[in-house]
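**Student:** Below is a structure I'd like to ask you about.
Values quoted throughout were computed directly from the atomic coordinates according to the rules given, and no laboratory measurement underlies them. Quick caveat, the model's predicted, so the values are computed rather than measured. Cβ placement follows ideal geometry from the backbone for every residue including glycine, while neighbour counts extend to all protein chains displayed.
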Amino acid sequence: MIVIVNTTSDEAITDTIKQQLAVCKVEAEIIEASNLNIGHCIGCNYCWLKTPGECAVKDDYEEILKKIVHADQLWVISDTALGFINHKGKNIFDRVIPIITMNLCFKKKEMRHVKRYKKNANVGLIFKGEADGDFLNRWMERVALNLGSKSLGAFKESEVKEALSCMC
Amino acid sequence: MHVLIINASPRVKQYSNTDKILGAFTKGLSEEGATFSQYELSDRRSWDEIRNAYYENDNILIAMPLFVECVPGILMEFLETLKSKNDGTKVSFILQGGFYEASQLRCGETYLEMLAKNLGLEYAGTLVKGGNFGIRLAEGEARDKQVEPFKEMGVEFAREGSFFSPKCKAFAGPELFPLPVRIMVGMAFKFAMPSYFTKASKAFGAKKPLNYRPYK
């Protein structure tokens, strides 16, 4: 199952994705999140220490998190700001940390958190606006490393077809 | 030298590791005769004041924890409200994280240099340091000891006006641990740390094990 979180107000991107996923019969949850109430991660560490696996911030992200833990792929569609994804997109990634535990291990040469669930979703990004694509690809690789999954890449809005080829 | 310091941790000041780091760092600044004013992004009521300070000061230091390999969402949200300055204002960063290896912070560091450019600010380097998760779990002298090395970096920053000196670069520590250390630390993670973390978790009031899966 694929989870797609659209933090932009542009539903044309998700319409295109919906149509193509229907053709290739891929199960997907598409969440239009631009008007949802999703705050930033407050860094309380409760999801690791006090209520393992559960976020202390009770807002619309909780339902998204419940879907992410069962997903094979997580895609975030985000506007950009200052050469990066904007805060709405970043908040989706920052709030995902309940899916890893605070226990640690070495994977290859670096420390990693131990996964909470058997498998974590591979992660992909579709960005709308000016940003450094090379940096975003590097960043996505790092995100995936620390989630113990794989990066599907960072794609410009104009490259939705390429992103779709990873989904179908 | 006067430095505008913005603590970009989303955690409230009382529990902010970044704040404890800044506590030691600013002691070093003061020892060298530099002055500073510090603001916390976690207090949204002060954002207007911080914005004004951003426009009025020409030497800015933004300190933050690494959040999912880059800057915390709350910092992006604040920065998105600012206008580019393009007036020679300097910006430096302190980027701290939980993992010990400096390699874990390099992607975030790369972004901070890009960020300076995108804000029309003159980049004056990033002080990179990992291994800070334990600040949260320590108290009193043990905590002071953990952050104490940042005081010397405050002295260095006051003298140099940037984080480009060899001393600041070396402060990051090893990029990766050598294999024997990885084996030893890996064993500690497997056999000793889980019980330490479980103890810490219980002190927080946890009723479930650390690896609990609430959404099966």
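**Student:** Among all lysine pairs in the stretch B:2-170 that are eight or more places apart or on different chains, how many have alpha carbons less than 13 angstrom apart?
**Tutor:** 9
**Student:** Rounded to the nearest Å, what's the spacing between the alpha carbon centres of the stretch B:1-61 and the stretch A:45-74? Just the number, please.
**Tutor:** Between the Cα centres of the stretch B:1-61 and the stretch A:45-74 lies a distance of 31 Å.
**Student:** Peptides B:132-141, B:98-107: what's the order by average Cβ count within 10 Å, highest mean first?
**Tutor:** With the highest mean Cβ count within 10 Å placed first, the list reads B:98-107, B:132-141.
**Student:** While we're looking at this one, here's another question. Which values of log₁₀ I(q)/I(0), to two decimal places, follow from the Debye formula for the protein assembly as shown at q = 0.06, 0.07, 0.09 Å⁻¹ with a uniform point scatterer at every Cα?
**Tutor:** -0.23, -0.31, -0.52
**Student:** Enumerate the lysines that residue B:208 could reach by cross-link, defined here as Cα to Cα under 20 Å, with residues fewer than 8 away along the same chain left out.
**Tutor:** A:50, A:58, A:66, A:115, A:118, B:190, B:199, B:216
**Student:** Inside 10 Å of the C-beta atoms of A:47-57, what's the mean count of C-beta atoms belonging to other chains?
**Tutor:** Rounded to a whole number, the mean comes out at 5.
**Student:** Please work out, to two decimal places, the log10 of the ratio I(q)/I(0) at q = 0.12, 0.17, 0.18, 0.20 Å⁻¹ from a Debye calculation in which every Cα of chain A carries one identical scatterer.
**Tutor:** These q points yield log10 I(q)/I(0) values of -0.51, -1.05, -1.18, -1.43.
**Student:** Please state the relative contact order of chain B as a whole percent: Cα pairs under 8 Å, 6+ residues apart?
**Tutor:** RCO, chain B: 22 percent.
**Student:** Per residue of B:24-32, what is the mean number of Cβ atoms on other protein chains within 10 angstrom of that residue's Cβ?
**Tutor:** 0
**Student:** Work out how far the C-alpha atoms of the stretch A:9-72 reach from end to end along every principal axis, then list the three figures in whole Å, largest first.
**Tutor:** Projected onto its principal axes, the Cα set of the stretch A:9-72 covers 44, 24, 13 Å.
**Student:** Arrange the peptides A:3-15, B:116-128, B:160-172 so that the one whose residues have, on average, the most other Cβ atoms within 10 Å appears first.
**Tutor:** Highest-to-lowest ranking by the protection proxy: B:116-128, A:3-15, B:160-172.
**Student:** Using Cα-Cα distances under 8 Å and only pairs 6 or more residues apart, what relative contact order does the stretch B:1-119 have, in percent?
**Tutor:** Answer for the stretch B:1-119 is 30 percent.
**Student:** Please state the shape class of the stretch B:2-170: rounded when a/c is under 1.5, otherwise prolate if a/b exceeds b/c and oblate if not, all from the C-alpha gyration tensor.
**Tutor:** Rounded, because the longest to shortest axis ratio a/c is under 1.5.
**Student:** Okay, next question. Nearest 10 degrees is fine. How inclined is helix B:193-203 to the longest principal axis of chain B, computing both from alpha carbons?
**Tutor:** Compared with the principal axis, the helix lies near 70 degrees.
**Student:** What is the average number of partner chain Cβ atoms found within 10 Å of a Cβ in B:103-114?
**Tutor:** Averaged over the peptide's residues, the number is 3.
**Student:** Within the stretch A:135-155, what residues put their amide N at less than 18 Å from the label point 7 Å along the Cα-to-Cβ vector of residue B:114?
**Tutor:** Under cut-off, by backbone N: A:135-146, A:151-155.
**Student:** Here is a further query. Defining a contact as two alpha carbons under 8 Å apart and six or more residues distant in sequence, what relative contact order in percent does chain A show?
**Tutor:** 23 percent
**Student:** Multiply the residue separation of residue B:175 and residue B:55 by 0.36 nm, subtract the distance between their alpha-carbon atoms, and state the gained length in nm to one decimal.
**Tutor:** That works out to 39.6 nm of additional length.
**Student:** Highest mean first, how do A:74-85, A:129-140 rank when packing is the count of other Cβ atoms within 10 Å averaged over residues?
**Tutor:** Ranking, from highest mean packing down: A:74-85, A:129-140.
**Student:** How large are Rg and Dmax for the stretch B:25-115 when only the alpha carbon atoms are used, in Å?
**Tutor:** In order Rg, Dmax, the Cα atoms of the stretch B:25-115 give 14.0, 36 Å.
**Student:** Can you tally the net charge around residue A:121? Count Lys and Arg as +1, Asp and Glu as -1, for every other residue whose Cβ sits under 10 Å from the Cβ of residue A:121.
**Tutor:** Local charge sum for residue A:121: +2.
**Student:** Determine by what factor the alpha-carbon radius of gyration of the stretch B:177-216 differs from 2.2 N^0.38 Å, reporting the quotient.
**Tutor:** That ratio works out to 1.51.
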